[in-house]
Amino acid sequence: MSGARTTRRGRLGLHPGAWWLWAGCMAGAAIRTTNPLLLALIAAAAAFVVSTRRTSAPWSRSLIVFFRLGLVVIVVRVVLQVVFGNRLPGHVLFTLPHVPLPSWARGVSIGGPVTFEAVLQAAVEGLRLAVVLICFGAANSLASPYRLLRCLPAVLYEAGVAVTVSLAFAPEVVMAIGNVRDARRLRGRPTRGVAGLRGMAIPVLEAALDRSLQLASSMDARGYGRRVTLARNTRRMASGSSAAGLLLVMAGVYGILDVGSLPVGGIPFLAVGAVLVGAGMAVGGRRTERTRYRPDVWRGPEWAVTASGAAVLASFIAASVLGVQGMQLQIYPLHVPLLPLLPTAGILVGLLPAAVAPAPGGRSGTGGPGPLEPSESVAVEPAEAALT
Amino acid sequence: MIRFSKVTFTYAEAQVPTLRDVDLAIDEGELCLVVGQTGSGKTTLLRAINGLVPHFTGGRLAGDVSIAGRSTREVPPRELADVVGVVGQDPAASFVTDTVEDELAYTMENLGIPPNVMRRRIEDTLDLLGLHELRDRTLSTLSGGQQQRVAIGAVLCPSPRVLVLDEPTSALDPAAAEEVLSSLTRLVHDVGMTVVLAEHRLERVIPFADRVVLVPGDGQPLVVGPTAEVMGMSPVAPPIVELARVAGWVPVPLSVRDARRWAEPLRRRLSGAPSPRGSVPGEGGTPLVARAHGLSVSYGQLRALDEVDLELGAGEVVAVMGRNGSGKSTLLSEFAGLRSPSRGRVSVLGQSPADLAPRKLIRLVGLVPQDPGVLLYGESVGDECSTADRETGLAPGTTAAMLDTVLPGVPRDRHPRDLSEGQRLALAMAIVLAPAPPLLLLDEPTRGLDYPSKERLVGVLLKLAAGGACVVLATHDVELVAQVATRAVVLAQGEVVSDGVAREVVRHSPVFAPQVAKVMAPEPWLTVDEVRTALVGSGHET
């Protein structure tokens, strides 16, 4: 009886936390460089791992959305630079008519000479942000945010549910848009332009809110929020301690990533935060009759994946500490970017998950990308189309 | 187990109570069937069992509902989750998580059931409902029937003592419905679970029910009694009971097996009668309305439709049948121009529907989708009708008149969201039917409709077809097919597997044959009306 297997391994691939940590480290590394070659390598590594280890679920196809989003970010960044940006000296590409602004708007300029250097710098900064987005897109494709939420400690369960409901709201809106558009077409109403937009906003919101109410009643009918046996104060203490701890951890991470933003550096924050979270979980874990169905396990592959991510980040930190050439793109004077050895090697280590992570569904074959059956409803497909 | 004492329930802002002075006791281990006309208050009655009415709907509840000794006055629905599981009409709306296995586990997690027990029960439930293949799938990628089975599994897992199901089989194809119902019967017989079930398609569930609760509507007292007794007097009755009334069998048989024993003399008497002509599709004589040529549709890697060739003529009533997920809805949405084909061509009166402007499109094609509510977003029923008239340039009142033909008595001041499923469907259908498009598509039109409304729908459809329209129905309802369809197209995995005269297709299929056909076989009668006409013709009316 006690030997029964109640955890899951390989069913849906790796523990979601490992994927998010790995992706977070990749993103952290990307923030530390403006070398377009390194940035491109990071994006390529993330995309490669996704292509080898994603599941067949709909959200696994979301990486392409993040790539498109990244492209938009770069374009917007460049356009903003051209119109409003600082007038950096250098090779003038073209000159926009200068718009004189009143004295209180000093510091903002519209128009003027646009230099190659300014455009390049904007493009690289946009690229950096795009790569960070792609890293999170990769995490999203490899492990659904729902699954990550399931791993939250019991103390944070309520907060987790709030996030679940709001997460459900977004796809609900996408789906509602598809439905309403189809329905308007069936009733011969415009689906495009201002008239279409105005007519669609209300029904879309109505449908999404309706769905949220249904979700609430359904959760209640299925036993969510049953009486908790733990004393109220103890519960509050546990939740408060974990929440405060998590905030400190976040501050610590921020301190590590953005050097010099915190006077004492990130490490102390991280340490105190971790202790608080641990204490909160220990107290809160004793309460509630709630149990967990087949929690994801954390074993060797999870450690390996997390370590490979950490190695990428460490190589980038080390490179900037050691002053390795080529971490930042040189604009004055303009140089063709180099490919510094240390961070490049780091990124290659970041490819490790493609080999060490278990293939999704590999154990039983049930989770593999089998043929999806068509949805009976006319309504579901547009949402899928909107995702890809 | 479940006890209603002097329960009167009135929705907020409603003038008359939906339930009045309801006294009802349902015992342990009983399979109780709740029947009644569209909008009579069946759903309200069911949702009152675990306190969703009035805790989540508002309104006034007088009297007391108690379940396993706990009163819904004192405890909210969540405290009853260990005793009662409720599956609503729209299974997708009840989903809380995102994958099948997690959805099955959700209630058990909340109840604090130990992990090893959870694991075992989920494996059992996956087997019981045939969900093994789907265990890791994302819920939104499942077909309607699969979602229905997951929703049932999710409330079964914590093994509640009472199971409440609102139209559990209405979205299922005949085979899947059979499976779900037989697993429910097994639960009643083996575990002694109490099951309360509302259903419009009585022919499927009648043989399994111990007792029937008839909700007459308008706050009139409930009629409760053994199945055969209540069925003998019920205004809603399955074809087999109607046949019994025509033939004068007492007590009425409830299953095909019982009826066949009774029917022996009837079959003999009618064997000489002229066989029903049925409607025969125009053999090339009718003008072409729509056609699909080499039509393929893919969603990602999946082929929803594969090289479909179909020609639809004026005056035809075509039933598109097939398993859940066989591509029926996709075929309809192609003809309605909701999306372009991946390959091949679709045309309606020579034009490609996907390229038409919405205003022109609705004069050519009308589609009533599976969830008719999506078509409605007016403030009231009356408002919805007059808007539809205005937008389509019809004479004022046309849509309202059409609504009365489909289902009379839908209150004009009610908000469309507050209508019952059946009333909502009727309203959506009226809006689509009003401009009388030459091609009319209906996706599961009888879902949630009682027999009288279905009868009216049949009348409307036949009239439209006689007027030269082409009607296409995607449906699981074989009785409807037997009544109206001239031609049946069966899809499997996106391919047309059979296309022929509806009578022949349904009569020779063990899955699709309607009840009367099963009773009368090998004689070629399909519906009660045909038998009645034949009896009159042979002068043997009883």
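Since every read-out is calculated from the coordinates, none of them should be taken as a lab result. Please read all numbers here as calculations on a predicted model, not as lab measurements. A quick note on method: Cβ atoms are made from the backbone with ideal geometry, for glycine too, and the neighbour counts reach across all protein chains shown.
The table below gives the values:
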{"read-out": "For B:Ala436, residues with placed amide H under 5 Å, excluding near neighbours", "value": "none"}
{"read-out": "Chain B: angle of helix B:528-537 to the longest principal axis, Cα-based, in degrees nearest 10", "value": "60 degrees"}
{"read-out": "Averaged over B:109-118, number of beta-carbon atoms from partner chains that fall within 10 Å", "value": "6"}
{"read-out": "Average beta carbon contacts from partner chains per residue of B:384-392, 10 Å cutoff", "value": "1"}
{"read-out": "Gain in span if fully extended, B:Asp64 to B:Ala25, counting 0.36 nm per residue against the direct Cα distance", "value": "12.9 nm"}
{"read-out": "Residues whose placed amide H lies under 5 Å from that of B:Val289, excluding near-sequence neighbours", "value": "B:Leu312, B:Gly313, B:Ala314"}
{"read-out": "Of the GluC sites (Glu not before Pro) in segment B:66-173, those whose Cβ has at most 12 other Cβ within 10 Å and which sit in DSSP loop", "value": "B:Glu74"}
{"read-out": "Spin-label pair A:Arg299/A:Ile64, simplified geometry with 7 Å Cα→Cβ offset, distance in nm", "value": "3.5 nm"}
{"read-out": "Cα centroid separation - segment B:17-70 against segment B:297-346, whole Å", "value": "41 Å"}
{"read-out": "Number of partner chain Cβ atoms within 10 Å, mean per residue of A:16-27", "value": "0"}
{"read-out": "FRET efficiency estimate (nearest 0.05) - Cβ-Cβ, A:Leu213 to A:Trp104, R0 56 angstrom", "value": "0.70"}
{"read-out": "For chain B: relative contact order, % (alpha-carbon pairs under 8 angstrom, 6 or more apart)", "value": "15 percent"}
{"read-out": "Segment B:490-542: GluC sites (Glu not before Pro) falling in loop per DSSP and having at most 12 other Cβ within 10 Å", "value": "B:Glu541"}
{"read-out": "Local electrostatic count at B:Pro158 - Lys and Arg +1, Asp and Glu -1, tallied over other residues with Cβ under 9 Å", "value": "+1"}
{"read-out": "For segment B:340-353, 3J(HN,Hα) per residue [Karplus equation, 6.51 cos²θ - 1.76 cosθ + 1.60, θ = phi - 60°, Hz, x = Gly/Pro]", "value": "7, x, 5, 9, x, 9, 10, 9, 10, 6, x, 10, 8, x"}
{"read-out": "For segment B:34-46, Karplus couplings with θ = phi - 60° (6.51, -1.76, 1.60), whole Hz, Gly/Pro x", "value": "9, 10, x, 6, 4, x, 8, x, 4, 4, 4, 4, 5"}
{"read-out": "Karplus 3J(HN,Hα) series, Hz, for segment B:361-370 with 6.51 cos²θ - 1.76 cosθ + 1.60 (x for Gly, Pro)", "value": "4, 5, 7, 9, 10, x, 10, 9, x, 4"}
{"read-out": "Degrees separating the helix B:144-156 axis from the principal Cα axis of chain B, which is the longest one", "value": "10 degrees"}
{"read-out": "Cross-link reach list, lysines versus B:Lys6, counting only Cα pairs under 27 Å and skipping chain neighbours closer than eight places", "value": "B:Lys42"}
{"read-out": "Mean ellipticity per residue at 222 nm, deg cm²/dmol - from DSSP H runs of n ≥ 4 across chain B, formula -39500 (n - 2.57)", "value": "-10500 deg cm²/dmol"}
{"read-out": "FRET efficiency, A:Ala345 to B:Val191 (Cβ-Cβ, R0 56 Å, nearest 0.05)", "value": "0.35"}
{"read-out": "Cβ-Cβ FRET estimate between A:Ala162 and A:Ala201, R0 fixed at 30 Å, reported to 0.05", "value": "0.75"}
{"read-out": "In degrees, nearest ten, helix B:451-466 long axis to first principal axis of chain B (Cα)", "value": "10 degrees"}
{"read-out": "Amide H contacts of B:Thr99 (H built 1.01 Å from N, under 5 Å, at least 5 apart or other chain)", "value": "B:Leu139"}
{"read-out": "Net charge of Cβ neighbours under 15 Å - reference B:Val497; Lys, Arg +1; Asp, Glu -1", "value": "-3"}
